[in-house]
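Structure, as structure tokens:
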Amino acid sequence: MSTGFKPSKTGVSIRLDAAEASVLRSLVGLVLGLVEPGATGDDPLERALGIGAAEVPTDPVLARLFPSAYEDDEAAGEFRRYTEATLRDAKRADAVTLIDTATGGKVELTTEQAEAWMRALNDVRLMLGVRLEVTEEVHEEIAGMSEEDPRYPAFVTYDWLTYLQDTLVRALW
């Protein structure tokens, strides 16, 4: 199992076995599928400019990945309309960076790549957290969970992702 991220001369590094790299790529691939381009308006100019729909996503994961910026529904909708396409592009770019660089063995990341990893790991944790209904008591829940519990692998994976993100933050700063 990985010992986490460590600072390196050019950024950070981590040693991943092939299975860990595969799990990371697979989970980030799920996020990538979720954040594909959203709906755009019917107006050709809006489509060309990437102006999207103003509705809050119905999928709870997407609602968490793209939260409303304002409590006022009208203001939140207008903000979402002009920003969500760019946010989706950024999340896709971060996911692709992780997928392209997560190989088995020693992984060397530049600071820019490491920051993309940090954001992509956060998106995966948000996705899993919503699906698993993770609460602040997640560590106690995992400690008391039987390995026979069908949720156990997913909760342990969530915990591992938290560890990776924590070591990455520490290695960068």
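The values are calculated or read from the model by the stated rules, or taken from the named source; none is laboratory data. All values reported here derive from a predicted model rather than from experimental measurement. Glycine gets a Cβ as well: all are built from the backbone with ideal geometry, and neighbour counts include every protein chain shown.
List of remarks:
- Restricting the range 43-100 to residues that are of a type in the set (Asp, Glu) and touching a strand residue (DSSP E or B) at 6+ places or on another chain (Cβ under 9 Å), the residue that is modelled with the highest pLDDT: 84
- Top-ranked residue of the range 145-167 - restricted to ones that are assigned to a helix (DSSP H, G or I) and of a type in the set (Asp, Glu), ranked as modelled with the highest pLDDT: 166
- Candidates in the range 161-173 are the residues that are in contact with a helix residue (DSSP H, G or I) (Cβ under 8 Å, 6 or more places away or on another chain) and under 18 Å from residue 127 (Cα atoms); of these, the one that is surrounded by the most Cβ atoms within 10 Å (Cβ to Cβ) is 164.
- A count restricted to the range 9-22 and to residues that are surrounded by fewer than 16 Cβ atoms within 10 Å (Cβ to Cβ) and either closer than 19 Å to residue 166 by Cβ or not basic (Lys, Arg) (or both) stands at 6.
- Residue pairs whose Cβ atoms lie under 6 Å apart, separated by 6 or more positions or on different chains, with the first residue in the range 158-173 and over 16 Å from residue 142 (Cβ atoms) and the second of a type in the set (D, E, K, R), are 171/6.
- With respect to the conditions (1) farther than 17 Å from residue 61 by Cβ; (2) surrounded by fewer than 16 Cβ atoms within 10 Å (Cβ to Cβ); (3) more than 12 Å from the chain's Cα centre (by Cα), residue 131 lacks only one, and its number is (1).
- For the range 63-90, the set of residues classified as of a type in the set (A, V, I, L, M) and not in a helix (DSSP H, G or I) consists of 69 only.
- Selection status of residue 142, in a helix (DSSP H, G or I), hydrophobic (A, V, I, L, M, F, W, C) and at pLDDT below 95: yes
- Candidates in the range 91-135 are the residues that are outside any strand (DSSP E or B) and small (Gly, Ala, Ser); of these, the one that is farthest from residue 25 (Cα to Cα) is 129.
- Just one residue in the set 28, 35 is more than 16 Å from residue 158 (Cα to Cα), at pLDDT 70 or above and under 13 Å from the mean Cα position of the chain (by Cα); that residue is 35.
- Some residue of the range 121-133 being out of contact with any helix residue (DSSP H, G or I) (no Cβ under 8 Å at 6 or more places or on another chain) and within 19 Å of residue 17 (Cα to Cα): no
- Complete set of residues in the range 150-173 that are farther than 21 Å from residue 8 by Cα and not β-branched (Val, Ile, Thr): 150, 151, 152, 153, 154, 155, 158, 159, 160
- Contacts under 6 angstrom Cβ, first residue in the range 112-132 being closer than 25 Å to residue 13 by Cβ and in contact (Cβ under 8 Å) with a residue 24 or more places away in the chain, partner acidic (Asp, Glu) and part of a helix (DSSP H, G or I), 6 or more apart: 119/94; 120/94
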